[in-house]
Amino acid sequence: MEKRYGSKRRAKEELFARYANFIYLGNGRYGFAAASQFYFDKPIQTFTLDDADKAALLAGITKSPSEYSPSATGNEKALRRRNQILTLMVANHF
């Protein structure tokens, strides 16, 4: 990997970028950018610190998209998972 990407760090960044673009996030959406546009009608590139709740909700969906993706019938599980993610972020000083 180092040979191809120049460093371990760059290789890890590339792997994460690919993962972030192809992971299934429910409702037929693949990748964080598509999910952000679908769930919030907002490009992920425009997220600010005030959008931490939205980012945490997207991160929470990855565990089980069928279980945690927001839907018209109910968002309780999605919001509970979002709150878990926010709690973990605080505990880890993010």
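Worth pointing out:
- Residue among Thr73, Thr62 that is polar (S, T, N, Q) and over 13 Å from the mean Cα position of the chain (by Cα): Thr73
- Residues of region 15-37 that are without any contact (Cβ under 8 Å) to a residue 40 or more places away in the chain and among the aromatic types (Phe, Trp, Tyr): Phe16, Tyr19, Phe22, Tyr30, Phe32.
- So Leu25, is it aliphatic (A, V, I, L, M), at pLDDT 95 or above and touching a Pro at 6+ places or on another chain (Cβ under 6 Å): yes
- The set of residues in region 59-78 that are part of a helix (DSSP H, G or I) and either of a type in the set (Gly, Ala, Ser) or open to solvent by 70 Å² or more (accessible area, probe 1.4 Å) (or both) comprises Ala59, Gly60, Ser66, Glu67, Glu76, Lys77, Ala78.
- Scanning region 82-92 finds one or more residues that are surrounded by 14 or more Cβ atoms within 10 Å (Cβ to Cβ), modelled with pLDDT of 95 or more and in contact with a Phe, Trp or Tyr (Cβ under 9 Å, 6 or more places away or on another chain).
The values are calculated or read from the model by the stated rules, or taken from the named source; none is laboratory data. The shown structure was predicted, so the numbers you read here are calculated from the model rather than taken from an experiment. Methodologically, a virtual Cβ is constructed for each residue, glycine included, from the backbone with ideal geometry; neighbour enumeration extends over all protein chains shown. The accessibility values were calculated without ligands, DNA or RNA, using every heavy atom of the protein model including side chains. Shrake-Rupley method; radii C 1.70, N 1.55, O 1.52, S 1.80 Å.
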